[in-house]
Amino acid sequence: MANPLIVEVQDELTYLWFTATIQDIQEGKFVVKYTDPSFDCQEEAVQEGRVRWNSVFKGNCDIDYEEDSYVEVRHRPSEGEPLGWCLAKIIHKRGNLYFVHYENYENIYDEIVVQEQIRPVNDRGCIEIDELKRGALKVPGPILSWATTDDCVEKLNNVIAKTGIYNASFRPEDAEIVFIGEKKPVDRAIVLISFVIDHQKDLAQIDINHNNIAKSIENKKAMIKNQAVEEVLVPRDVLGIIIGKAGANLNFIKQEYKVNIQIIEADAEDVHDYTDTIIPENKALIRIFGNNRNWVAEAKSYICINKNTYPIEKDKIDYFRGYKNSILNDMKERSGCVKIFVHDPIKGSNEGEIEAIGNEESLENLRLLIETHMDYYDTYQDKESENVELITQKSKYNSYGKNFYTNDDQKGAGGNKRKPKRGRN
């Protein structure tokens, strides 16, 4: 990375030469910025005859200067003022000390200086405006703030290093980046920085989009915070039932009760952004929120699905199933449960179970239905015994022959017995 080209600018009053950089060219003058921070005015517009190329010597040169030779001395006119270079003649020298005389300078006197303050005369000459080209690029509004950052300065210095221009700087008064240098390098610098500007515009738009999203999130968080909220923990393995095919169940609840629903699992990264509830690994948290507290409560009761099991003795399992699961299906319909299963006893056990999935109300309904159905077990067993006895008796009397008729086989009081079918003679 390169820094802007340093030039030297002559002060009109003291005739001292101070280091500066060329920031711009306006109305036939150089706009320069002094490198010494002690200058009250950091920038100044000066005529081209007052700007020259910087000396290749920086002072403290290991040169044996002769008496009566001209040199430039780094001089500070008075305390607190910046250092500048001025022309002087060596009158006498002794070791590392030089007695010099300043010529053509007002208020500058003869003095003794050390060798570190001396350099050869800068004979590189003044810079003419026609030698340089000024290029400029407007900085779009969305990235004006970027143009004042250290990142912009770093990228401009990179362009200086890559193209060889003398300087590139942002001019806030005109909202543009100005390039100073020879024609071809300046043209190349404009190409590079225009590309940089396009990238910064893209990044600025991305930042704007991100900020809008962040604001939207904060607004939604605030809205959620001010709404009625209900939370319920449900087993993870019933989430599919709660959600429904393609989200049908959730969409129904949202539309029916005018609520929003959020499902948070235990391993969610942002779980603590929404709730302080501890979520076990085998469960998920369902948050229901909306403007109407009653509707939120009703939606919770609808969505609060859980699993429960009811122990059933081994010899009563078929009693609860019914013919082709008729009893089981009837209890499912009456209770409002989502699903009901019967599990046979495991090997060595005399007890099976009914497993049901539903909300709190439906599970309680099922419990009561199971108890009610169980109350009739002995009665049904007695009826079954009676039925077996009747069938046995019927079979016994049927054994007397096919021509034995009962009242069920007669019509009217007169008997009117059925005539047997006649065979062919």
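The values are calculated or read from the model by the stated rules, or taken from the named source; none is laboratory data. Fair warning: this is a prediction, and the values are worked out from it, not measured in the lab. Cβ coordinates were reconstructed from backbone atoms using ideal geometry, including for glycine residues, and neighbour counts include every protein chain displayed.
Values for this structure:
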read-out	value
Failed criterion for residue 312 (all others in (1) under 18 Å from residue 376 (Cβ atoms); (2) not in a strand (DSSP E or B) hold)	(2)
Cross-chain or 6+ apart pairs with Cβ under 8 Å, segment 327-353 first and closer than 23 Å to residue 241 by Cα, then β-branched (Val, Ile, Thr) and part of a helix (DSSP H, G or I)	331/370; 338/241; 339/241; 342/317
Condition broken by residue 130, with the remaining ones in (1) buried (at least 18 other Cβ atoms within 10 Å of the Cβ); (2) farther than 30 Å from residue 198 by Cβ; (3) out of contact with any strand residue (DSSP E or B) (no Cβ under 7 Å at 6 or more places or on another chain) satisfied	(1)
Meets criteria (in a helix (DSSP H, G or I), buried (at least 17 other Cβ atoms within 10 Å of the Cβ) and either free of Cβ contacts under 8 Å to residues at least 12 places away in the same chain or of a type outside the set (Lys, Arg) (or both)) for residue 242	yes
Among (1) of a type in the set (Gly, Ala, Ser); (2) more than 28 Å from residue 22 (Cα to Cα); (3) touching a helix residue (DSSP H, G or I) at 6+ places or on another chain (Cβ under 7 Å) - the single one residue 95 does not satisfy	(3)
In segment 34-50, residue modelled with the lowest pLDDT [restricted to those that are assigned to a strand (DSSP E or B) and closer than 20 Å to residue 128 by Cβ]	44
Test: residue in segment 359-381 that is part of a strand (DSSP E or B), surrounded by 12 or more Cβ atoms within 10 Å (Cβ to Cβ) and within 54 Å of the chain's Cα centre (by Cα)	yes
Neighbours by Cβ (under 7 Å, 6+ apart or cross-chain): first from segment 164-183, assigned by TED's automatic domain parsing to the domain that holds residue 139; second aromatic (Phe, Trp, Tyr)	165/179; 168/179; 177/170; 180/166; 181/166
Candidate set: segment 279-309, residues that are surrounded by 15 or more Cβ atoms within 10 Å (Cβ to Cβ) and part of a loop (DSSP other than H, G, I, E, B); chosen: the one modelled with the lowest pLDDT	304
Members of segment 184-221 that are modelled with pLDDT under 95 and either small (Gly, Ala, Ser) or in contact with a strand residue (DSSP E or B) (Cβ under 7 Å, 6 or more places away or on another chain) (or both)	204, 214, 216
Matching option when the condition is at pLDDT below 85, surrounded by fewer than 12 Cβ atoms within 10 Å (Cβ to Cβ), over 30 Å from residue 264 (Cβ atoms) and among the charged types (D, E, K, R), among 324, 396	396
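Quick grid of which residues meet (1) assigned to a strand (DSSP E or B); (2) buried (at least 16 other Cβ atoms within 10 Å of the Cβ):
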site: 193; (1), (2): no, yes
site: 199; (1), (2): no, no
site: 211; (1), (2): no, no
site: 215; (1), (2): no, no
site: 221; (1), (2): no, no
site: 229; (1), (2): yes, yes
